[in-house]
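Before any comments, here is the structure.
The values are calculated or read from the model by the stated rules, or taken from the named source; none is laboratory data. Treat the numbers as computed from the prediction; the structure is a model and nothing was measured. Positions of Cβ are generated from backbone atoms using ideal geometry, with glycine treated the same way; all protein chains shown enter the neighbour counts. For the accessible areas, the whole protein counts, side chains as well, though only heavy atoms, and no ligand, DNA or RNA atoms are used. Shrake-Rupley method; radii C 1.70, N 1.55, O 1.52, S 1.80 Å.
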Amino acid sequence: MNIYPSFFRFCILIPLLAVGCVGESSVVPLEETSGSAVGFFYGIVHGLLFYKHLFEQLFGGGAALYDLYHSNLYDIGFVTGVGISSSILRLALSFPFTQQEEWNKTASRTFGTLLFFGTLSYFFTDSSNPHFIPASWPSDIDQNAGIFSGLWHAFISPWMSFVTIFGYDSSLMASQNASYVAPYAIVCFLLRGRKKKPKEKEEEEEENKPPPKDPETDFEHPIP
């Protein structure tokens, strides 16, 4: 049994829980507007563009990463999109260090998922909608959340996206400042869209292991 992946995740999650207690645990409330709020498929689009907008945000200031004006289904779409984009980025970075066969299998699953959700988003979104790209945040929003809050909010975002489905008005991000979005993105990259080892493969490896030697029966005969 390989305990290293579990130990690696344990070493990441425990410090995040610790710093989360130090950082602000509240997120920006959902803003109500007179216009139509974007929903699930716009969340997927914004999640897929997350790292592109992050790069623009850190180097020159571009579009926002997250749209405040959304429905309750937007968050689950956003987390899904970020998971797919994290998988693609991790796939690109791991190419020189991964066996070709294993990389091809992972790439096939990842781009199959991207094709599925990308096709649905194409039909259920409108590129002329002002919110097709995340709208800029109002200037009166308090964006003082920093590094610790970015770590904590990224960690709890899957659970927060789930509870918003049931009417809990909330937002997955509390700021668009670089000191907040950079650690937020790091946690998303480390934890979203990680490939899990298939159970069947573990069982196959277990079956192919040679049986342990019995010292009473398995011994080498001396050559006469």
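Remarks
- Qualifying positions in segment 114-134 - more than 11 Å from GLY43 (Cα to Cα) and either at pLDDT below 85 or not hydrophobic (A, V, I, L, M, F, W, C) (or both): GLY118, THR119, TYR122, ASP126, SER127, SER128, ASN129, PRO130
- Selection status of SER139, within 23 Å of SER171 (Cα to Cα), surrounded by 15 or more Cβ atoms within 10 Å (Cβ to Cβ) and among the small types (Gly, Ala, Ser): no
- For segment 161-187, a residue qualifies if it is closer than 23 Å to PRO138 by Cα, open to solvent by less than 10 Å² (accessible area, probe 1.4 Å) and either in a helix (DSSP H, G or I) or among the hydroxyl-bearing types (Ser, Thr, Tyr) (or both), and the qualifying residues are SER161, THR164, SER170, SER171, SER175, TYR180, VAL181, TYR184, ALA185.
- Within segment 106-128, the residues that satisfy the criterion of being under 22 Å from the mean Cα position of the chain (by Cα) and open to solvent by 90 Å² or more (accessible area, probe 1.4 Å) are ARG109, PHE111, LEU115, PHE116, TYR122.
- Failed criterion for VAL79 (all others in (1) open to solvent by 40 Å² or more (accessible area, probe 1.4 Å); (2) of a type in the set (Val, Ile, Thr); (3) assigned to a helix (DSSP H, G or I) hold): (1)
- Taken as a whole, the structure leaves HIS131 outside the set of residues that are in contact with a Leu (Cβ under 8 Å, 6 or more places away or on another chain), surrounded by 12 or more Cβ atoms within 10 Å (Cβ to Cβ) and in contact (Cβ under 8 Å) with a residue 60 or more places away in the chain.
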